[in-house]
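Trainee: Questions regarding the structure given below will be posed in turn.
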Amino acid sequence: MTTAPHARSALLALAIASLVAFPAVAGEPKPWEPKEMVVGTLALSDFALALPAWQERGEKYVPYPDVIELLRSAPAAEIDVFFGSWCGDSFEQLPLLLTALKAAGNPGLTVTLIGVDRAKDEPQGRGKAAGVKRVPTIVVRRGGEELGRMIETPSSATIDRDIAMILNGIPLPPKPGADDGAKK
């Protein structure tokens, strides 16, 4: 069986396009993945050292001024950030949130970074206890009571806007067609 020249060209173009679109082979680390998976608590002061590509991504982000103001004026709260150092969504979202929180400079917001394994847990069992099924999952609490959470991708335009809205009691818009397990 012979293949027409135009069909061979189309197959070659498809093969090249797939290499460009999917450059990493399954199991091969992405350029932003650390050599060792981050599991457990990661101090904010160690973030840049442990995840330099993530830090670089965050440094390029400019949060919206209204979001910074909402974060700055938010009442004190605890923000638990469950993330996977192996996860593309965590890489996309977490650096932006940390940049906005830093810009807001609200000393009443306590942020705990918790790296989880692919089973969405870590040695202290906090991932399972918090019901983490997807990462990143950001759980916002005030006085131990959960105010809300952002799961995997933001409902609004950006992750920092979602967290600012939760902190200030502003309802998040629904994610179209999503059943992400968030508390209603």
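Trainee: Can you give the FRET efficiency to the nearest 0.05 for Ala76 and Thr41, using r as the Cβ-Cβ distance and R₀ = 22 Å?
Mentor: On the way: r = 20 Å, r/R0 = 0.91.
Approximately 0.65, to the nearest 0.05.
Trainee: Under 12 Å from the Cβ of Leu70, count the other residues' Cβ atoms, weight Lys and Arg +1, Asp and Glu -1, and hand me the total.
Mentor: Details: positive: Arg72, Arg161; negative: Asp66, Glu69, Asp160, Asp162.
My count for the surroundings of Leu70 gives -2.
Trainee: Please state, as a whole number in µm²/s, the translational diffusion coefficient that the Stokes-Einstein equation yields for the stretch 40-167 at 4 °C and 1.567 mPa s, with Rh defined as the Kirkwood radius across alpha carbon pairs.
Mentor: On the way: Rh = 14.4 Å.
So the translational diffusion coefficient is about 90 µm²/s.
Trainee: Rounded, prolate or oblate: which fits the stretch 92-184 when a ≥ b ≥ c are the square roots of the eigenvalues of the alpha-carbon gyration tensor, with rounded for a/c under 1.5 and prolate only if a/b beats b/c?
Mentor: Details: a/c = 1.43, a/b = 1.13, b/c = 1.27.
Because its axes are fairly even, with a/c under 1.5, the stretch 92-184 counts as rounded.
Trainee: Also: If you stretched the chain out fully between Val111 and Glu92, how much longer would it get, using 0.36 nm times the residue separation minus the C-alpha to C-alpha distance? Don't jump to the answer; show the numbers that get you there.
Mentor: Details: separation 19, 0.36 × 19 = 6.84 nm, distance 1.81 nm.
That pair, Val111 and Glu92, stretches by 5.0 nm at full extension.
Trainee: Now, a different point. Can you tell me the order of 170-176, 56-62, 109-115 when each peptide is scored by its average per-residue count of other Cβ atoms within 10 angstrom, highest first?
Mentor: Details: 170-176: 11.9, 56-62: 13.4, 109-115: 18.9.
The densest-packed peptide leads the list: 109-115, 56-62, 170-176.
Trainee: With only Lys, Arg, Asp and Glu charged, each at its Cβ (+1 for the first two, -1 for the last two), find how big the charge dipole of the stretch 40-167 is about the Cα centre; round to the nearest 20 debye.
Mentor: Details: 14 positive and 17 negative charges, 35 e Å.
For this selection, approximately 160 debye.
A short reminder: the numbers here are calculations on the coordinates, not readings from a lab. Computed from a prediction, not measured in an experiment: that's the story for all the values here. Quick reminder, even Gly has a Cβ in these numbers, built from the backbone with ideal geometry, and neighbours come from all protein chains shown.
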